[in-house]
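This report concerns only the one structure given below.
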Amino acid sequence: MSRKVWTFVVILTIPLMGVVLCNLAVKFGSTSRIFNSIEKLPDNKAGLVLGTSKYRMDGSENLFFKYRIQAAAQLYKAGKIEVIIVSGDNRVANYNEPREMRRELVKLGIPAHKIHLDYAGFRTLDSVVRCKEVFGQQKFTIISQQFHNERALFIAKRKDIDAVAFNAKDVNLQSGFKTKLREVFARVKVVIDLYVLKKQPKFLGEEIGI
């Protein structure tokens, strides 16, 4: 094999190894704190629902959204959480993830005064850190799909936050392929954000008591 080919292989292999290592670090960093069973899940005062759009780009229903809302309602009704923090993006006037999440939770019978809106959950990092720093929760339950929970708990551990996570129902590969593919690179980004760039939430502000 020529020197040029070896050089190309090395150049290609190094970033691929980085992607694989970042994904493994996130996946296996907090496995003991992720739960599928409501019965085994520890009780916490607050449940943090990580935001996503209610609809897909083609206008169809986003099942990631639907299943997260259902999971949060299940935990509340089972007495595993007392209040729900819905954290998502609201950077433009006609796009409001927290408002949509609250609306759907109320439809499922959750009292509106038990739902708290975090309008500055622009990224998973923002949502997790703000739950502690803004909403004053030292311990809480993260609610999303497993792949997302793994990354959120990775962030929580790095930020010395005592969090657990409950897995909402996942979406089949056909419907969720693009999201799962993006997650591969989101895990690389979160490692860089936490360990290299030392990123913080875009906004914090005064504490909101709940």
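The values are calculated or read from the model by the stated rules, or taken from the named source; none is laboratory data. Worth saying up front: this structure is predicted, and the values here are computed from it rather than measured. Neighbour counts run over all protein chains shown; Cβ positions are idealised from the backbone, glycine included. Note: accessible area is taken over every heavy atom of the protein model, side chains too, but ligands, DNA and RNA are not part of it. Shrake-Rupley method; radii C 1.70, N 1.55, O 1.52, S 1.80 Å.
The relative contact order of the chain, computed from alpha carbon pairs under 8 Å that lie at least 6 residues apart in sequence, is 26 percent.
Highest mean packing comes first when the peptides 105-118, 27-40 are listed by Cβ atoms within 10 Å, giving 105-118, 27-40. Phe122 contributes an accessible area of around 40 Å² to the protein surface, as traced by a 1.4 Å probe with all chains present.
Shape summary of region 49-159, radius of gyration then Dmax from alpha carbon positions: 13.1, 39 Å. For Ser144, the amide hydrogen comes within under 5 Å of the amide hydrogens of Phe166, Ala168, counting only partners 5 or more places away or on other chains and with H modelled in the peptide plane. Packing order of peptides 44-53, 153-162, highest average first: 44-53, 153-162 (average count of other Cβ atoms within 10 Å over each peptide's residues). At a threshold of 8 angstrom on Cα-Cα distance, excluding pairs fewer than six apart, so keeping six or more, what relative contact order does region 94-210 reach in percent? Reported as a whole number, the value is 29 percent. Annotation: average projected area of region 96-196 is 7.1 square nanometres, based on the convex hull of Cα atoms across all directions. Among the protein heavy atoms of region 138-200, carbon and sulfur supply 58% of the accessible surface, probe 1.4 Å, non-protein parts ignored. Considering only Cα atoms, the convex hull volume of the chain works out to 149 Å³ per residue. Between the beta carbons of Asn36 and Leu173, assuming R0 = 22 Å, the FRET efficiency works out to 0.75 to the nearest 0.05. In region 36-101, the portion of solvent-accessible area held by carbon and sulfur atoms comes to 47 percent [1.4 Å probe, whole percent, DNA, RNA and ligands not counted].
Note on Tyr195/Arg91: beta-carbon distance plugged into 1/(1 + (r/R0)^6) with R0 of 35 Å gives a FRET efficiency of 0.85.
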